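First up is the structure itself, then whatever we jot down about it.
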Amino acid sequence: MTLPYHRRFTPAKPVAVISSSVWQALHSGADKAAERLAADTESAERVRNELDFLAKALYRRATDGNGGPVETSGVSFSRELIDSLRTEFLSRLNEDRTNFIDADEVLAVLSAMEEMANASDRANSGVFEERLASSDALRAVLEVAHDMRSPLSAILFLVETMRAGRSGSINHVQEQQLGLIYGAAFGLSNLASDIIEAARGNLLNEVRDRPFSVSEMLDEIASIVAPMAEEKGLKLAITYPTLDTRVGHVAAIHRVMLNLTSNALKYTDKGSVAIGCTETMEDTQIEFWVQDTGKGIPEKVLDMLFAGFRPGSVGVRFSSAGLGLAICKALLERMQSTLRVDTAPDKGTRFSFTLDLPTA
């Protein structure tokens with residue numbers, strides 16, 4: 001009899017102490033995440049307090065690892081809050097050029113984040129449990145996806161630090177190999193996120209309208225996929241808007257654009273990938289797009305491009321599971337938009353969508 005997945009996998013162990021550099025990255029990451037998440041001045045203090053409390057709770061979980069509940073005094077930590085802190089935490093670590101960063105400490109914090117996010121899912125979504133209850137296999141796959149994300153985040157962080165020369169000089173061949181590792185880990189991390197989102201089935205429940213910088217969002221996506229572009233020798237171009245600060249579901253837009261950009265880079269062997277947005281005649285309407293110079297998408301594939309799981313479609317453009325594009329389509333439909341595809345053999349592909357985003 002096959003053992004349940006949770007009995008065959010040992011997650012990252014807690015560490016005795018977290019260094020000041022990792023704690024500072026966690027603390028300053030909470031401040032930065034609060035700035036991004038706060039929709040207005042009135043909510044800024046509340047969000048900042050929640051994230052500060054979350055950072056302290058993560059510190060305790062990462063250093064004792066007892067797996068028990070963390071006392072939150074009534075504060076609810078949504079997955080959006082935790083995911084935002086994860087992004088900013090890794091960004092702060094990557095900017096630290098003076099201190100040695102211990103990989104075990106980083107992995108302990110990331111594992112604590114995933115544990116708390118999983119607990120939030122279980123507490124807030126009865127549908128989530130119902131979807132899993134019908135299949136032991138599905139439950140095992142979901143547990144795998146959850147457990148993959150933290151170590152993959154650590155891999156991506158460590159590859160970036162090595163490519164930046166913070167662990168010593170590397171030669172050209174090693175840089176190319178690190179680029180391949182980054183691309184593979186990034187793809188697996190995206191797949192894990194897609195599996196979790198498909199199982200949760202509540203893609204926009206935690207997302208709020210708030211002011212955000214379109215240019216900053218595009219720059220962040222470009223910085224995430226830059227190692228993939230460099231490894232393949234592809235030019236990555238960005239087109240910025242004229243009116244930058246908008247109000248909308250930035251987390252959802254970021255997710256869609258990142259998925260489309262990483263797909264474009266994956267299936268383009270030469271030339272370039274361009275991302276950006278174009279303001280329409282309507283003041284609040286913005287068209288976002290991702291365009292590549294790849295081989296294009298065969299006509300027989302277009303009909304099932306957004307079908308989610310696609311048995312038997314191995315070998316066509318995009319993964320046989322097709323979860324990423326199905327999730328993009330679902331997110332855009334929730335935002336009253338549609339994903340358009342323009343493609344031609346050997347001339348590339350252009351994905352685009354239009355959103356109503358008022359200026360802030």
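The values are calculated or read from the model by the stated rules, or taken from the named source; none is laboratory data. These figures come from a predicted structure and were not determined experimentally. Quick reminder, even Gly has a Cβ in these numbers, built from the backbone with ideal geometry, and neighbours come from all protein chains shown.
Points worth noting:
- Some residue of the stretch 64-78 being modelled with pLDDT of 75 or more and surrounded by 14 or more Cβ atoms within 10 Å (Cβ to Cβ): no
- Residues in the stretch 255-283 that are in contact with a helix residue (DSSP H, G or I) (Cβ under 6 Å, 6 or more places away or on another chain), under 16 Å from Ile327 (Cβ atoms) and of a type outside the set (Gly, Ala, Ser): Val256, Met257, Leu258, Asn259, Thr261.
- Residue among Lys266, Lys270 that alone is over 30 Å from Ile82 (Cβ atoms) and assigned by TED's automatic domain parsing to the domain that holds Ala226: Lys270
- When every residue of the stretch 44-61 is checked against the conditions, none turns out to be modelled with pLDDT under 75, surrounded by fewer than 18 Cβ atoms within 10 Å (Cβ to Cβ) and outside any helix (DSSP H, G or I).
- Residue check, Ser272 modelled with pLDDT under 80, within 29 Å of Glu230 (Cβ to Cβ) and either β-branched (Val, Ile, Thr) or in contact with a Ser or Thr (Cβ under 8 Å, 6 or more places away or on another chain) (or both): no
- Residue match in the stretch 254-269 (condition: buried (at least 19 other Cβ atoms within 10 Å of the Cβ) and over 18 Å from the mean Cα position of the chain (by Cα)): yes
- Hits in the stretch 82-98 - residues which are within 13 Å of the chain's Cα centre (by Cα) and more than 12 Å from Ser153 (Cα to Cα): Ile82, Ser84, Leu85, Glu88
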